[in-house]
Amino acid sequence: MSLSSLSIFPATPVQVQESRRRSFVQWKGHMSEEQYFHRGTEVEQGESATNGKLTVWVLSPRDDPESLDFKCSCMTFRRKGLVVRRPNTLLGDTIVPEEVCCHGLAAVFTPERFRRQGYAKHMVRLLHWVLAIDPSLFPAFPEAWGSPPQRPIGVHPGHFSALWSDVGDFYRSCGPTDNIEGWVLRDASTTIWDVKPPNVDAPADSVSDEKWRWLAVDDLQMLYPVDEERLKQELIAKSAALDSRKTLLTFLPGEGVEMFQRTRSEYFWEKLEPPVTHWGVISRTSDDESAFATWTFERPPKTLLVTRLSANQENFGDLVSVLKYVAGRHGMERIEIWCLPDTLKSVTQNHGAIHFERKEHLPALKWYGAESPSDVIWLNRERFCWC
């Protein structure tokens, strides 16, 4: 079937179920079919997906968009982010972060019978034309692809989109036209600790309730707005210290984005003993130097995944002790942190950490603004924003 006869469409409920049925065999992991479908429903009903934030897409014939014989599928999550551009000359040197719409792309899947025909590549290329804030910045839509896809009602245009690739640099070639890059890989630095027994003990004073406040799920909802204000101030400070040509951006953790990490792995952590009651800690300080971390649990191997972290060189060591204590308490074999700041990596040398570039879940970004992608810096590429 020619690419010009195909386009992308929001999936019908029946197509959504068919996409899950197709992907189950390859992506089930340790889940039963019932668990896999239940997780899909939980994701749909979660805060990161409700109110039109989740769209499942299918590549289908233009003349039969609801066909169950669609070629491939994927999903996008609408999110909020912050962008800091060079100062507006009308405001002098004032640096003002802009809250923007952005998107996360996930679950690109093609069944075996349709693979090696370019369908997945074509599907995600077409996505740029409905996700981008200003498609007029692209060259003309390729004639060989037929007519451009229409942006459905409820799909909001974004300033950038991101994905986490398990197929290397493939998505760089998936731009809106042949001569424009798609999603470009960024640094995938990873830090891990082996916490297999007997390395699970922590000094009592490091994990004392006098020093740390333990966070339940409801507490996380109160943490997000505080964290987002901190992220805003960090962007302002970093922008002021950089070349004025640089554009800085970050995803924001609220509105279900960070919580999504927990929903995805519930099938695993709901069986842990003792039951998980805390999903983060924050130091009991009243100044701007408070440290905090949030986490989830995944397998294999049994891992405490830090979803979001903020600390300095003085308090990071104690925070690591807390993470080791939590991991040991729930029988985890390791702790994993993405994109640990360089200022903290030196501290980890005294705590048995290993640093490496991971080979999966590689962060890749597509910038939709007029600025050069080479001048765009994606900050806070932590686990909280993965999808």
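The values are calculated or read from the model by the stated rules, or taken from the named source; none is laboratory data. Small disclaimer: the values here were computed from a predicted structure and weren't measured. Backbone-built Cβ (ideal geometry, glycine too); neighbour counts: all protein chains shown.
Quick notes on this structure:
- Residue match in the range 83-102 (condition: more than 19 Å from Thr250 (Cβ to Cβ), buried (at least 19 other Cβ atoms within 10 Å of the Cβ), modelled with pLDDT of 95 or more and within 22 Å of the chain's Cα centre (by Cα)): no
- Test result for Glu360, more than 20 Å from the chain's Cα centre (by Cα) and part of a loop (DSSP other than H, G, I, E, B): no
- Here the range 337-358 is the region considered, the condition is being under 26 Å from Cys102 (Cα atoms) and in contact (Cβ under 8 Å) with a residue 24 or more places away in the chain, and the residue that is surrounded by the fewest Cβ atoms within 10 Å (Cβ to Cβ) is Glu357.
- Counted residues, the range 260-298 - those being of a type in the set (D, E, K, R) and under 15 Å from Ile337 (Cα atoms): 1
- Of the residues making up the range 163-176, none is surrounded by 15 or more Cβ atoms within 10 Å (Cβ to Cβ), assigned by TED's automatic domain parsing to the domain that holds Asn51, touching a Lys or Arg at 6+ places or on another chain (Cβ under 8 Å) and among the polar types (S, T, N, Q).
- Given (1) of a type outside the set (Phe, Trp, Tyr); (2) within 30 Å of Cys102 (Cα to Cα); (3) surrounded by fewer than 16 Cβ atoms within 10 Å (Cβ to Cβ), index of the condition Thr285 fails: (2)
- Any hit, the range 183-191, residues being in contact with a Phe, Trp or Tyr (Cβ under 6 Å, 6 or more places away or on another chain), under 30 Å from Arg125 (Cα atoms), among the hydrophobic types (A, V, I, L, M, F, W, C) and in contact (Cβ under 8 Å) with a residue 24 or more places away in the chain: yes
- Of everything in the range 292-336 that is of a type in the set (Lys, Arg) and buried (at least 21 other Cβ atoms within 10 Å of the Cβ), the residue that is farthest from Glu360 (Cα to Cα) is Lys324.
- If you check Phe109, Phe160, Phe114, Phe141 for being more than 23 Å from the chain's Cα centre (by Cα) and in contact (Cβ under 8 Å) with a residue 40 or more places away in the chain, only one passes: Phe114.
- Any hit, the range 215-222, residues being in contact with a Phe, Trp or Tyr (Cβ under 9 Å, 6 or more places away or on another chain), farther than 29 Å from Ile377 by Cβ, in a loop (DSSP other than H, G, I, E, B) and modelled with pLDDT of 95 or more: yes
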